[in-house]
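The values are calculated or read from the model by the stated rules, or taken from the named source; none is laboratory data. Values in this document were obtained by computation on a predicted structure and should not be read as measured data. Neighbour counts run over all protein chains shown; Cβ positions are idealised from the backbone, glycine included. The area values use the complete protein model at the heavy-atom level, side chains included, leaving out ligands, DNA and RNA. Shrake-Rupley method; radii C 1.70, N 1.55, O 1.52, S 1.80 Å.
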Amino acid sequence: MIYPKFPEQGSSLGICAPSAGVGRKIESFDKSLAVFKSSGFDIIETASVRTDNIRSADAKTRGEEFNFLVQNPDVEMIISATGGDYNIEMLPYLDMGTLSNYPKWIAGASDPTNIMYYVTTKLDIATMYGFNAGSFDWDTLHEFQKNSLEFIRGNTIKQYSFDKYDSNTDFSVQNVVLDGDVNWQLSLPGVDEIIDKFSPADSPRLVVEGRFIGGCIDCIAKLIGTPFDGTRSFVKKYPRKIWFLDNFAMTSFDLYLTMMQMKYCGYFKGTKAIVFGRTMFPDKTDEQYIAQLRQAISDIPFIWNADIGHVKPCFTVINGAYGRVTCAQGKGSLEQALV
């Protein structure tokens, strides 16, 4: 696995908009950029970032702007401005030759999964999932945001599950209220009950190691079988894997079918565990999601409602890093090593 150089204080972060623009939230976006600047980084921003459109530009233009940051020697990390829906359109225009010869960190969350999953599985270059450039706009930075800044600096700290999460799913509501109780739910092969925070202290626990791979499952599902999907090579090269999957809007049935498809494709060979984040727009109860997943991946331990993905707070996870996940009594941790 290739691990690019981490940005140093005074170096430049390149911000592009490979999916949507941030035109409807300029003030909060600038608040995020101020956090980067106060942390000692300069910003190089491409032309389409502040577009007020679900597509920041046409696919070719978005690709060219991404390539500009890849080719710019002053840029040490590329961070997506925000998520969206149409990132997949620009994949044919990416300059993967230059990126292969001069690897850089690429970071993002949600729709930019398309780029990062492509880069890690096809080029064997590690990428960083869990935040966009606009993810640091809280009036007071939360621990998860401070953790992300540590990862940008190259400090791959151990992350522990949080106590509360924001249960709001209405994007029109701007105020963040951490009102939900974090409760990782663990399913183990051969164990009838689901282990969570209400389980006895002597209940089974999970401790697994493997190489991390994943991102937004809504995006990964659309990449399967395309020229931008290198999962089979990744699975063959790295025998022990931990999948982390962020479900934005898949129904429980769609998620079940996708797990079946990935299993039939051989993507779960050597998988030690699958870590599912909290679903942004669930259509069923947790119990119903878990029941369907237990049918699809009955022989693989999995965690449901982990601190990963769209529902904040969330972990920063490095695609390609080797690490360890633990889970017991509704809590857990994640460690990563660049080996």
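General observations
- Any hit, segment 191-204, residues being under 23 Å from the mean Cα position of the chain (by Cα) and surrounded by fewer than 19 Cβ atoms within 10 Å (Cβ to Cβ): no
- Long-range neighbours under 7 Å by Cβ, at least six apart or interchain, first residue in the same structural domain as T326 (by the TED database) within segment 262-281, second charged (D, E, K, R) and open to solvent by less than 10 Å² (accessible area, probe 1.4 Å): G270/K241; T271/K241; K272/K241; G277/D246
- Hey, D181 in the same structural domain as K241 (by the TED database) and at pLDDT 95 or above or not: yes
- Cβ-Cβ under 7 Å pairs, at least 6 apart or on other chains, segment 59-77 side more than 17 Å from P4 (Cβ to Cβ), far side surrounded by fewer than 22 Cβ atoms within 10 Å (Cβ to Cβ): A59/E89; A59/Y93; K60/Y93; G63/Y93; G63/L94; E64/Y93; E65/A47
- In segment 232-256, the residues that are open to solvent by 80 Å² or more (accessible area, probe 1.4 Å) and over 26 Å from T316 (Cβ atoms): R232, K236, F253
- The residues listed here are G130, G154; of these, the one that is at pLDDT 95 or above, in contact with a helix residue (DSSP H, G or I) (Cβ under 7 Å, 6 or more places away or on another chain) and of a type outside the set (S, T, N, Q) is G130.
- Qualifying residue in segment 173-186 (condition: open to solvent by 40 Å² or more (accessible area, probe 1.4 Å) and among the aromatic types (F, W, Y)): no
- Filtering G83, G40 for residues that are open to solvent by less than 30 Å² (accessible area, probe 1.4 Å), farther than 21 Å from F234 by Cβ and without any contact (Cβ under 8 Å) to a residue 60 or more places away in the chain leaves a single hit, G40.
- Of all the numbered requirements in (1) in contact with a Lys or Arg (Cβ under 7 Å, 6 or more places away or on another chain); (2) charged (D, E, K, R); (3) not assigned by the TED database to the domain that holds L149, K5 misses one, and that requirement is (1).
- Residues located in segment 23-37, provided they are in contact with a Gly (Cβ under 6 Å, 6 or more places away or on another chain) and either without any contact (Cβ under 8 Å) to a residue 24 or more places away in the chain or not hydroxyl-bearing (S, T, Y) (or both): F29
- Selection status of G23, out of contact with any Phe, Trp or Tyr (no Cβ under 6 Å at 6 or more places or on another chain), under 23 Å from G84 (Cα atoms), surrounded by fewer than 17 Cβ atoms within 10 Å (Cβ to Cβ) and not assigned by the TED database to the domain that holds G323: yes
- When Y322 is tested against the conditions (1) touching a Lys or Arg at 6+ places or on another chain (Cβ under 6 Å); (2) closer than 30 Å to W138 by Cα; (3) aromatic (F, W, Y), the lone failure is (2).
- Check on I217, more than 18 Å from K284 (Cβ to Cβ), open to solvent by less than 30 Å² (accessible area, probe 1.4 Å) and β-branched (V, I, T): no
- Within segment 86-109, the residues that satisfy the criterion of being in a loop (DSSP other than H, G, I, E, B) and touching a residue at least 60 places away in the same chain (Cβ under 8 Å) are Y86, P103, K104, A109.
- Some residue of segment 315-332 being surrounded by fewer than 21 Cβ atoms within 10 Å (Cβ to Cβ) and either closer than 16 Å to N247 by Cβ or in the same structural domain as S148 (by the TED database) (or both): no
- Filter pass, C327 being modelled with pLDDT of 95 or more and either over 21 Å from the mean Cα position of the chain (by Cα) or part of a loop (DSSP other than H, G, I, E, B) (or both): no
- Per-region count, segment 249-306, residues touching a Pro at 6+ places or on another chain (Cβ under 8 Å) and either farther than 16 Å from I217 by Cα or not in a helix (DSSP H, G or I) (or both): 8
- Enumeration of residues in segment 86-99 that are open to solvent by 40 Å² or more (accessible area, probe 1.4 Å) and of a type in the set (S, T, Y): Y86, Y93
- Filter result for the condition that a residue is open to solvent by 40 Å² or more (accessible area, probe 1.4 Å) and in contact with a Pro (Cβ under 7 Å, 6 or more places away or on another chain), over Y160, Y165: Y165
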